[in-house]
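**Student:** My questions all concern the structure below.
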Amino acid sequence: MIFLPAALCAQMAGQSIAEREIARRQGMAVSAEDLLRRGDAAMAAHDYETAVKDYQGAIANLPESELTRGLRSSAINKFLAASVKLAEQRVAEGRYGEAERLLKVTLRPEYDPGYAPSLALLRKMQDPEWFNRTITPKFVGRVEEVKKLLREAQGFSDTGRYDLAFKRYEQVLALDPTNSAARRGQEKVNGQRQRYADSAYNETRSRALWEVSRGWENPVRKYGVSRDSRVGVRTTRSDVGTEAINRKLQQIIIPNLEFRQTTIRDAVEFLRQESRRLDTAEERPEARGVNIFLKLTPSVRPAPPAAPATLPPSPDAAPTIPGLEGAPATAAA
């Protein structure tokens, strides 16, 4: 076993403690620099509360020494500026007590008892002409909710959703009964509704007038239109038959008619046969001509004076052409 002198052992122990202290302070300096960078990023993002905590942590990691004097001074200046910004934010939120505490911390001896921005803001907070202390955090929260509802109402109004817009304005008035912006918004929505109602009324009125006018329009008679060429037009069987008969009646022309003492039935039969003979446009023989039906309508006349009894006329007898004056007849195709 080797024994070292006591003086040598004490010297080695002293060197070890000094080295550990140097390493500890170097680590604290590195941590402080990291906190300063984080505080700068929070300040850039207007997150003043986080910035104050980071700067304060950096100051705690930087002891007062010749090596850290410059870095500590920079950290204190950043802490003071961030604290004043955070205090102004708390004042805007109506949290005056927190603002005063933040400012008084910056005036401590370890920071800067004569920091001008902190002193100036404290004086303004005591002056009622600068800040209205009746504004509470609850009131500020209600104001923010009102702003949010007004933005939503404007968005609904711009996209034509007038009922939702009107409802948002009503919610604003429930929070702030004297909000003139909400009343103006309701007036605007009512005007938009009225303009839409006027347009709808004019459209409905014009459509009704058009339908009435169309009801008075006479149908246009079609010539030379076959059944196959009427694409897209729905027709009934009776319409097609009527059109074909009308076309035949226009095309079949009997050059001359002369009847003498001929019965109406014979005359109708003659017309039926002539229509078949002259229907040259029809290719099918069984479909040629026009079917003509005779319907005799007896006329009502006063009873003639009594005459000697004679045989009653035959029920099959029909009047002749010269005798049509007393017995009108109609022919139907």
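**Student:** Would you list, by chain and number, the lysines whose Cα falls below 24 Å from the Cα of Lys53, excluding same-chain residues fewer than 8 positions away?
**Tutor:** Leaving aside lysines fewer than 8 places away in the same chain, those within reach of Lys53 are Lys78, Lys85, Lys104.
**Student:** Order these peptides, 148-157, 169-178, by their mean beta-carbon neighbour count within 10 angstrom, highest first.
**Tutor:** The densest-packed peptide leads the list: 148-157, 169-178.
**Student:** Could you sort 244-252, 209-217 so that the peptide with the highest average Cβ count within 10 Å comes first and the rest follow in order?
**Tutor:** Ranking, from highest mean packing down: 244-252, 209-217.
FYI, it's all coordinate maths here, none of it is from the lab. Bear in mind that the values here come from a model prediction, so they are computed numbers and not experimental data. Please note: Cβ atoms are built from the backbone with ideal geometry, for glycine as well, and neighbour counts cover all protein chains shown.
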